[in-house]
Amino acid sequence: MANLFESQMLGGTVSLKNRIVMPPMTRTRTSEGDIPNQLMATYYGQRAGAGLIVAEVADVAPSSNGYAMTPGIYTQAQLQGWRLVTDEVHRKDGTIFLQIWHVGRMAHPSLMPNGEAPWGVTEARAEGSDVFAHDAEGKLGYMRAGTPRRLETEEVSALVGTFAQAFANARQAGFDGVELHAANGYLFDQFMNSVLNTRTDRYGGGSVEDRTRFLMEAVDAAVRELGPGRVGVRLAPFGTFNSMPEDPLAEETLLYLAEQLGRRGVAYMHLVYELMPKGNMESATFEKLHLDHAVLAKVRAAFPGAIIWCGGFTSREGAQDALDTGLVDLIAFGRPFIGNPDLPERLRHGWPIAVADRSTYYTRRGEVGYTDFPAYRIESAACEAA
Ligand SMILES: Cc1cc2nc3c(=O)[nH]c(=O)nc-3n(C[C@H](O)[C@H](O)[C@H](O)COP(=O)(O)O)c2cc1C
């Protein structure tokens, strides 16, 4: 069985120094213009001991700006900002992919270009979910997602082109690869959900091919841009975050995707194993979701690439147990990476794992709760042992 500290090849192209992944985590520390900065470069550089970092999700276009202060990957200034980040991670011998999304209906007119309605698979609003946007006085805060406008067929096709440009931009900014954010109730997920997607065109129409067409066209664009070994897809099968209706066809969709992504030689599937079923990004509760191992075994059989599990891992033992099931290749530790920049070393040596204060997860307060967590010193380990 694989060991957590063993290296792993992704898609025959990218070599990871261990099987520990830092999953994407939005931290809202960008500069004006949704531009990544030196502070973010320091943060990611501190965490370059991970086998793979997937950087926080980036907007594919201004129409995807669902949360204020999240980064973009569509202007030259943003590309230059990301270059600081990728250079710093590579200087520390790390590997970094960029997660890319369109939020779809999880947006608010106050953040949309010209105050237009959010973009939707249909006109159905995320009735129970909030986004971080401007109120009538221009003050930032959480408010209910807006009522979306249903995208025309040609607009969906055009959006695939926008993603293709974003993938090219990510490569130009120095990323080792990209991850498509098809989890957690954002636009790809909205299209894939058989209850929400009541369209009758080639991006809906009831069949699994139609529901997944938008995602698969974007995956094909990413593969063309970067090669399959540098493309991953994040999924939260059975997830209900962001007011997603429960989908009786979720398993069918998952297995179809596993097969299709496998055919294209995509590097990895990143499965979220714990969900945020309630609340907004800041107040979300994380509840362990049981992903049926029998279903996962079918995914494994259909998909020859690597599989990442994420959600609720806090210890070396727990991660190793998951690897020992043989169903998975890489383990993501999300929240533990916030307070432990040197998490892989701590796991390796059995050093204590710090717990970060969640009130700093999304603060716009610069380095506080962001880059100010110390690495665990060998000296302190020696002192404790004495
Ligand atoms: C502060 C914070 C920000 C997050 N931002 C993202 C994001 O940008 N993209 C994404 O797919 N998931 C995001 N997530 C979810 C994490 O990637 C991960 O799935 C979740 O934290 C569960 O893993 P954990 O139990 O190891 O923390 C975020 C989670 C946290 C705590």
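The values are calculated or read from the model by the stated rules, or taken from the named source; none is laboratory data. Everything quoted here is computed from the prediction, not taken from an experiment. With ideal geometry, Cβ positions are generated from the backbone for all residues, glycine too; neighbour counts draw on all protein chains shown. With ligands, DNA and RNA removed, areas are computed over all heavy atoms of the protein, side chains included. Shrake-Rupley method; radii C 1.70, N 1.55, O 1.52, S 1.80 Å.
Within the range 199-215, the presence of a residue that is in contact with a helix residue (DSSP H, G or I) (Cβ under 9 Å, 6 or more places away or on another chain), farther than 21 Å from G120 by Cα and hydroxyl-bearing (S, T, Y) is excluded. When the range 107-126 is filtered for residues that are open to solvent by 50 Å² or more (accessible area, probe 1.4 Å) and in a loop (DSSP other than H, G, I, E, B), the ones remaining, listed by number, are E116, E123, R125.
Beta carbons closer than 6 Å, at least 6 apart along the sequence or on distinct chains, pair a first residue in the range 33-51 that is within 21 Å of A332 (Cα to Cα) with a second that is among the β-branched types (V, I, T) and in a helix (DSSP H, G or I) for M40/V85; A41/V85; Y44/V85; Y44/V89; G45/V89; A48/V89. Looking at the range 330-340, is at least one residue surrounded by 13 or more Cβ atoms within 10 Å (Cβ to Cβ), away from the ligand (no atom under 12 Å from the Cβ), in a loop (DSSP other than H, G, I, E, B) and in contact (Cβ under 8 Å) with a residue 40 or more places away in the chain? Checked the range 330-340: no residue is surrounded by 13 or more Cβ atoms within 10 Å (Cβ to Cβ), away from the ligand (no atom under 12 Å from the Cβ), in a loop (DSSP other than H, G, I, E, B) and in contact (Cβ under 8 Å) with a residue 40 or more places away in the chain. For the range 82-106, a residue qualifies if it is assigned to a loop (DSSP other than H, G, I, E, B) and either in contact with a Pro (Cβ under 6 Å, 6 or more places away or on another chain) or not small (G, A, S) (or both), and the qualifying residues are K92, D93, T95, H102, V103, R105, M106.
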